[in-house]
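Every number here is computed from the coordinates shown, using simple stated rules; none is lab data. This is a predicted model, so every value here is computed, not measured. Please note: Cβ atoms are built from the backbone with ideal geometry, for glycine as well, and neighbour counts cover all protein chains shown.
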Amino acid sequence: MNIIGPDYLVFGVDDVAACSEYLTAFGLKPTDVTENGGLFETLDGTGIIIRHKSDPSLPAPLPTANMLRQQVYGVRSTEDLDAIEKELSKDRRVTRLSDGSIELKDDHGFELKFQVTIRRELIMPAEKINAPGAPAQRKPNEIGVWEEMPALPRTLSHVVLFVPDIEIATRFYCDRLGFVITDTLTGAGPFLRPKANDDHHTLFFIRTPEYMKGCEHLAFHMGGPTELMVAGTRFVKKGYQSFWGPGRHKFGSNWFWYFNSPLGCHFEYDADMDKHDDTWIAREAPMGAEASQIVLFEMREKWAPTGGPPPGAKR
C-alpha cells in the first residue's frame, strides 16, 4: 500500500472567519474559500479544509470537543486504493465515492479518507549554507537572508493524535496499512512513516484519556530553518501566540515552532526532517523534555547592541 501521507486535514470549526484569517496569516493560500470555509493550501497543494461545525457535508464529529473531522491520505495509484479497500473491508464498512476515493473509520473512530494524491511536484531549492571546510553553497555576493524573502509552507508534513490506546492505534496503522515505526517515546507513543514516504514520520501518537481524543497538532514543512524562523517571526508580529519553540527535536531532527490556533489544536512550522529507509533500526527513549528537543529558544523582541544589555538579561 503506497500511502504517501496526509493530503488534507478537515476541521469543523466554531468561527470560520477567524480560522480563515489564521490560516491565511500562517502562509496557506485560500482556494475556493467563501464565508462557509474551503481549502487553504501549501505550495504543493496539500493543506487544510475548514467548514462550520454545523455543516452537513462534514463527517460526524469525534465524541470529544476536538475539531478534527477527517484525515485525507494520498496514495500513489488506484491500485493502492483497491488494496486498502480489500484489506479494511474485512472488518469494517468501507465506502467507495464517485471520484474513486474511499472513506472509513480507524480503530479509534477517526474518520479517514484515501485518494490518489493531489500533491503537485515541487522543484524548489533548499536553504543554502556556507561552512568552513566545505564548498560554499551560496555564490559570492549571494546573500542568505533578506527582509522580503519568501517563507511559505511547502507541504503538509505530519499529524499528531491523542489516543487512549497506543497498541490499538499502532496495530491498525502498521499491521493493516503498512506504516513503519521509526522511533518511540516511551510513555507517549511511536513515530510512524508510511511506505511511500521516507520522512521520519507523518504520524505520531500520544497516549491520553479517552475524553482528550483528537488532533494535538499538525505540521508543515518549510524550506529550511531560516524560512521557519522568518515565517514564525512574521506570524508573531501579526499577533498570533507562540506555544513552543523555536527549537530542534531529537527524534526526527526537525526544527520546530508551534503556535496556538482557533482550530482547537496547535500548528507547527517544521524544517530539515530526517529521512529513513527499511534498514533503519528504531530507537526508544523515555518521554520528557530531554528526549523531546536538543535545543529550545525563547522568542523575544528584537534587540541591537547599543551599549546596554538585552531586555531581561541577567547582570
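Summary table
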quantity: P(r) histogram, all alpha-carbon pairs of the stretch 37-188 included - 10 Å bins from 0, percent; calculated: 8, 28, 31, 17, 11, 4, 0
quantity: FRET efficiency for Asp91 and Glu210, using Cβ-Cβ distance with R0 set to 22 Å, rounded to 0.05; calculated: 0.55
quantity: Positive-end residue, the chain charge dipole about Cα centroid, Cβ charges, pick of Gly252, Asn197, Met1; calculated: Gly252
quantity: Subset of Lys128/Lys302; Lys53/Lys237; Lys53/Lys213 violating a 21 Å alpha-carbon distance limit; calculated: Lys128/Lys302; Lys53/Lys237
quantity: In degrees, nearest ten, helix 16-26 long axis to first principal axis of the chain (Cα); calculated: 50
quantity: Helix-derived mean residue ellipticity, 222 nm - over the chain, DSSP H n ≥ 4, -39500 (n - 2.57), to 500; calculated: -4000 deg cm²/dmol
quantity: For Phe243, residues with placed amide H under 5 Å, excluding near neighbours; calculated: Tyr258, Phe259, Asn260
quantity: FRET E, pair Asp278, Val236, Förster distance 41 Å, beta-carbon r, rounded to 0.05; calculated: 0.55
quantity: Spatially proximal aspartates and glutamates relative to Lys29 (Cα-Cα < 15 Å; intrachain offsets below 8 disregarded); calculated: Asp7, Glu21, Glu41, Asp44
quantity: Two-site FRET efficiency, Arg300 against Ser98, from Cβ-Cβ distance with R₀ of 35 Å, rounded to 0.05; calculated: 0.10
quantity: Difference of contour (0.36 nm per residue) and Cα-Cα distance, Phe243 to Asn130; calculated: 37.6 nm
quantity: Interchain or long-range residues, amide H under 5 Å from Tyr73's placed H; calculated: Asp7, Lys113, Phe114, Gln115
quantity: Per residue, the convex hull volume that the Cα atoms of the stretch 66-106 enclose (Å³); calculated: 82
quantity: Karplus (6.51, -1.76, 1.60) ³J(HN,Hα), θ = phi - 60°, over the stretch 224-238, in Hz, Gly and Pro reported as x; calculated: x, x, 5, 4, 4, 5, 5, 4, x, 5, 4, 5, 4, 5, 7
quantity: Whole-Hz ³J(HN,Hα) from phi, Karplus 6.51 cos²θ - 1.76 cosθ + 1.60, for the stretch 249-261, glycine and proline x; calculated: 6, 7, 6, x, 6, 6, 5, 8, 7, 9, 9, 5, 8
quantity: Given charges at beta-carbon only (K, R positive; D, E negative), |dipole| of the stretch 61-184 in Debye; calculated: 220
quantity: Cα-based convex hull, the stretch 194-243, per residue volume (Å³, whole number); calculated: 125
quantity: Share of alpha-carbon pairs per 10 Å distance bin for the stretch 194-315, given as whole %; calculated: 11, 36, 34, 14, 5, 1
quantity: Amide H contacts under 5 Å for Val13, placed H, 5+ residues apart; calculated: Arg51, His52, Lys53
quantity: Counted charge near Phe11, where neighbours are those whose Cβ lies closer than 11 Å (Asp, Glu -1; Lys, Arg +1); calculated: +1
quantity: All-pairs Cα distance distribution in the stretch 231-275, expressed in whole percent, bin size 10 Å; calculated: 29, 50, 20, 1
quantity: Isotropically averaged projected area of the chain, using the convex hull of Cα atoms (one quarter of hull area), nm²; calculated: 19.5
quantity: Under the Karplus curve 6.51 cos²θ - 1.76 cosθ + 1.60, θ = phi - 60°, whole-Hz ³J(HN,Hα) for the stretch 8-13, x wherever Gly or Pro sits; calculated: 9, 10, 10, 10, x, 10
